[in-house]
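Rule-based calculations on the coordinates, nothing more; no lab input. The structure displayed is predicted, hence computed values, not measured ones. Please note: Cβ atoms are built from the backbone with ideal geometry, for glycine as well, and neighbour counts cover all protein chains shown.
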Amino acid sequence: MKKLLLFLFMSAIAAESSAQFNRYIVRLKNKGGTPYTFSSPLAYLSQRAIDRRTKYSIAIDSTDLPVTPSYITQIDAVPNVTVLNVSKWLNAVTIQTTDAAAITTINGLAFVQSVNGIASKMAGIEAPTRNKFAGEDIFTEVPPSTGRLTADYFNYGTGSYNEIHLHNGEFLHNIGLRGEGMQIAMLDNGYFNYPNLKAFDSARINNQILGTWDFVAREQNVANDGSHGMNCFSTIAANIPGQFTGKAPKASFWLYRTEDDASEYPIEEVNWVCAAERSDSSGADVISSSLGYYDFDNASLNYTYADMNGNTTISAKGADLGAKKGMLVILAAGNEGGNAWHYLITPSDGDSVMAVGAVSVSGAVGGFSSYGPSSDGQVKPDVASVGVSALVQTTGNTIGASNGTSFACPNMAGLSTCLWQGFPEYNNMKILQALRQAGSIFNTPNDRIGYGIPNVKTAFKNLLTEYATSSATLNSCTVTLTWNSKDVGAMKYEIERKAPGETSFTKVGELPPLAGSTLANRTYTFNNTLVGVNAGSLSYRIRQIIDTAVASFADAYIDTALVNVPAGCFATGTGNVDPNKVLVSVQPNPVSSTIVLVVETPYAVSNMPVVLFDSKGRMIQQLSESKNSGKKLISIPAERLAKGKYYIRVMNGNKAIGTAEFLKL
């Protein structure tokens, strides 16, 4: 009798526990009997997804294979069961049922590993139990700017310019990196009325929205639900001149709804993973998602801070797997900095994702922004972007401002997309690390903004330096320097040389890039005739001026090349000559901006006038110089000279030392 009472008591507890849930996750043991193969990936991956794997040497593995169809069929055939979503990465199925017998039946299937309750309440039909996005309400309307602020490619308007300038992001836009050819997947709670809102006019007209899916309601329409996703979408895609410009307005987008505003349960994490899978399979490059989890409507499902280790939660596992598939996964760190939880939320704890904290346009940290580190000691957040008074599209078709790491995330995602557009040769983790290294406090990261506020111009410079290559060859005292880099027509190159016996580099020439307003890979050649160079190792370095404007000037030494001079070169075209003879020459020739006059004598000259004549013999300029014995290099600006032939005469007092001619381009 005691055993029977105990059995009845335990059965009552089990029934009560089961009654808490009406949605479950069915985890499967394997993918046995699957009709899919590694040799025919087009059956389950787009060509673009396959190309990503090929480019970055990512193997197709068992997680890419869809869940065995017969398993789904058998689960779906159980009475009173509705299959909701299927995850190949988790090898799991979510179902809805209130029939305890159905759970027993599914548990008895040979291929089923476990069945666990994952949510109660009916999806999408009950009133929300909380405001999931509290603190992210739009609180002010932003008027358009009057007039154009700068000469940048986009007319940003004051607010957008301040946001993008915090990262020097206008530099990327100005060199043609605006998101073209890149695909961003947005995972959020819905994109309310986006087809009719002005921030998305350009994206809609130019067919930049590639597809949509609602993983909560299991339908195509994502414009009839929450507006939080729409707000986040606008920070990347907006294109309203003079008022609101997104960070990657030329990118293409996948819009996925994974969040159910009516409740908070781990089933939304499974939805998130399903959407990340779809993002991967469709060929997306970047995931931007401003969602996160730590507590649920059923407290027994809550996470602890110890779970924020990147390896425990459903969504963190999915986010890291998305990164493994080659996508750049960018996530909001959370708005818990001012409450009892305090720390970041999952899936931003993933070790291969970028967690983004919130700052103002002046760089001040938002008090609400979640603290790091992750519970296993990772630097979190990774970086920070504008999430304090961030610009967003409103449901009322105006532009407003709001607070939240929800907006810092897509702000960073848009800029990251543009940077990656410029360097598709590098994989997602290389881009992530370049942005971390370009952070304002990279060497002293903290638990509020991680490695800091990335300067994307610095990230670009660092990637460019690593990308560029050069080589040098010597033929009869002429060095041919060849290099490969990326540029636009507004940039330029300067070539510097350090000869044997010299302790510093000297500019010996410059070269403008080929015409073009969009960043492109190009190869250049520069010839340098050696004059007065002793035998030994000769070094050349290439300085690429990537921003020539005085206010925003930036350069990078992109590569260095060495060449050995076996016997010395002392006169143009004659090989080795008597070093006691004097020498006067100019480099480069022809010249576009600055010429370098080379004067070599075996004696010192205390009074050495240098006179510049045009082709008609008219004196253009005279310099007063002097030199010690040996070689002297004199830089003479030539930018203002008209095109044509010129002569430079070098004097020793009243006696001519020599004359050299050059052609101004």
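Things to note:
- Dipole magnitude for the range 468-576: about 120 debye, using +1 per Lys or Arg Cβ and -1 per Asp or Glu Cβ, origin at the Cα centre.
- Cα-based shape type of the range 299-376, given that a ≥ b ≥ c are square roots of the gyration tensor eigenvalues and the cut on a/c is 1.5: oblate
- A simple rule links phi to the HN-Hα coupling: the Karplus curve 6.51 cos²θ - 1.76 cosθ + 1.60 with θ = phi - 60°, which for the range 450-455 gives x, 7, x, 8, x, 9 Hz, with x for Gly and Pro.
- The HN-Hα couplings worked out from phi for the range 395-410 by the Karplus form 6.51 cos²θ - 1.76 cosθ + 1.60 (θ = phi - 60°) are 5, x, 6, 10, 9, x, 10, 8, 10, x, 5, 4, 9, 4, 4, x Hz, whole numbers, x standing for Gly and Pro.
- Cα gyration tensor, the chain - rounded (a/c under 1.5), prolate or oblate: prolate
- The range 140-462: C-alpha gyration tensor shape, a/c 1.5 cut-off, then a/b vs b/c: rounded
- Computed from point charges on the beta carbon alone (+1 for Lys and Arg, -1 for Asp and Glu), the dipole magnitude for the chain about its Cα centre is near 2540 Debye.
- Extents of the range 425-560, largest first, come to 59, 35, 32 Å (Cα atoms, principal axes, whole angstrom).
- Free-standing Cys residues across the chain, given no other cysteine C-beta under 4.7 angstrom: Cys232, Cys274, Cys409, Cys418
- Listed residue (Ile25, Thr73, Ala49) projecting farthest to the positive dipole end of the range 18-119, Cβ model: Ala49
- Residue (of Val270, Asn528, Thr98) at the positive-pole extreme of the chain, dipole from beta-carbon charges: Asn528
- Taking a point 7 Å out from the Cα of Thr503 in the direction of its Cβ, the residues of the range 534-573 whose backbone N falls within less than 18 Å of it are 539.
- Within straight-line cross-link reach of Lys31, lysines at Cα separation under 26 Å, skipping those fewer than 8 residues along the same chain: Lys88, Lys317, Lys324, Lys325
- Average Cα contact separation per residue, the chain, under 8 Å, 6 or more apart, as relative contact order %: 9 percent
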